[in-house]
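Structure record follows, encoded as structure tokens.
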Amino acid sequence: MTSKTARQARRVASVPPIRLGINIDHIATLRNARGGRHPDPVRAAKLAVEAGADNITAHLREDRRHIHDDDIARLTAARLAPLNLEMAVTPEMLAIALATRPHACCLVPERRQELTTEGGLDVAGQVGTLTPFIAELKRAGIQVSLFIDPEQQQIDAARQVKTDAVEFHTGSYCAAAAADDGRALERELKRLIDGAEAAAASGLEVHAGHGLDYDNVVAVASIPEIVELNIGHYLVGEAMFVGLSKSVARMRSLMDGARESLRHSATEAKVGGR
Ligand code: PXP
């Protein structure tokens, strides 16, 4: 075995399961279009968990464009699954997190005019702000992840500010897949693979998300260091056609299938190496 294949075999030798977090923001977007209570994001969360989701993710934006404070309160009270609260690095959000105590907080950059979270958090540029912010969340027993681009400088800074996890922004990878641009796709996938190896090697848990769909998820779920994917918009869109339970179950099965193939190739590599 070459050293590269030996390293690859070691990476996949003990492949952990991969968690699926369902982002329910856009159930709230639809509800807010009419301003009533329907469709209810908490009901969606319940269905998603029944269909195989491990976590529920909700982004309480500063402008409250989709998820509202009351949704977070009801999700916390319902205790359906661990809640991952996505939020900006602001005193207001810190106070809400400390009062509601979700299982995890994912810190994201936020710009009011953006349609969605367009890029990763610049951790390297705000080490001084993030270090005490993260320490306070961790003291309250909340797991912290930072939504970053898969870049070495940001991974090093993430370690420096003592986060528990990083979530890689998969937007550029998904855009390359959608454009059917083979070279860009290869480059973006390599960034995710290298980033995941580097982050895991420095003791960080690795998550990923943004723009994932049935076609592009398998390559990401096949990166052994990635242990959680957070997916929303595509599954809520698909739910219009097949229902939320079916869209979540299909994503679950694609992710589990990717992990199964990895384990299989690890076993084959071991047998072949004998
Ligand atoms: N992870 C984070 C940190 C996000 O901000 C988002 C989008 O809100 C997602 C995952 C899910 O992205 P998408 O809705 O494109 O699946």
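The values are calculated or read from the model by the stated rules, or taken from the named source; none is laboratory data. Everything quoted here is computed from the prediction, not taken from an experiment. Don't worry about glycine lacking a Cβ; one is built from the backbone with ideal geometry, like all the others, and counts go over all protein chains shown. Only protein heavy atoms, including side chains, enter the accessible area calculation; ligands, DNA and RNA are left aside. Shrake-Rupley method; radii C 1.70, N 1.55, O 1.52, S 1.80 Å.
Exactly one residue among D164, D215, D256 is among the acidic types (D, E), within 28 Å of I24 (Cβ to Cβ) and within 14 Å of the ligand (Cβ to nearest atom), and that residue is D215. Applying the selection to the stretch 63-99, what residues are within 18 Å of H26 (Cα to Cα), part of a loop (DSSP other than H, G, I, E, B) and open to solvent by 40 Å² or more (accessible area, probe 1.4 Å)? D63, R64, R65, H68 - these are the residues of the stretch 63-99 that are within 18 Å of H26 (Cα to Cα), part of a loop (DSSP other than H, G, I, E, B) and open to solvent by 40 Å² or more (accessible area, probe 1.4 Å). Only a single criterion out of (1) away from the ligand (no atom under 15 Å from the Cβ); (2) of a type in the set (G, A, S); (3) part of a loop (DSSP other than H, G, I, E, B) is not satisfied by G119, namely (1).
Here is a yes/no grid of residues against (1) open to solvent by less than 10 Å² (accessible area, probe 1.4 Å); (2) of a type in the set (F, W, Y); (3) under 13 Å from the mean Cα position of the chain (by Cα):
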position: T129; (1), (2), (3): no, no, no
position: A135; (1), (2), (3): no, no, no
position: A140; (1), (2), (3): no, no, no
position: S145; (1), (2), (3): yes, no, yes
position: A158; (1), (2), (3): yes, no, no
position: A178; (1), (2), (3): no, no, no
position: A200; (1), (2), (3): no, no, no
position: H210; (1), (2), (3): no, no, yes
position: D215; (1), (2), (3): no, no, no
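Residues of the stretch 220-248 that are away from the ligand (no atom under 15 Å from the Cβ) and surrounded by fewer than 17 Cβ atoms within 10 Å (Cβ to Cβ): F241, V242, G243, S245, K246. Residue pairs whose Cβ atoms lie under 8 Å apart, separated by 6 or more positions or on different chains, with the first residue in the stretch 54-71 and closer than 19 Å to P82 by Cα and the second basic (K, R) and assigned to a loop (DSSP other than H, G, I, E, B), are I67/R61. Contact map, the stretch 255-267: first residue touching a residue at least 40 places away in the same chain (Cβ under 8 Å), second residue aromatic (F, W, Y) and open to solvent by less than 80 Å² (accessible area, probe 1.4 Å), Cβ cut-off under 6 Å, separation 6 or more or different chains; the map is empty. Annotation note: Cβ proximity below 7 Å between a residue of the stretch 229-249 that is within 13 Å of G52 (Cα to Cα) and a residue that is open to solvent by 30 Å² or more (accessible area, probe 1.4 Å) and at pLDDT 95 or above (sequence gap 6+ or interchain) occurs for L244/L47; S245/L47; S245/E50; S247/E238.
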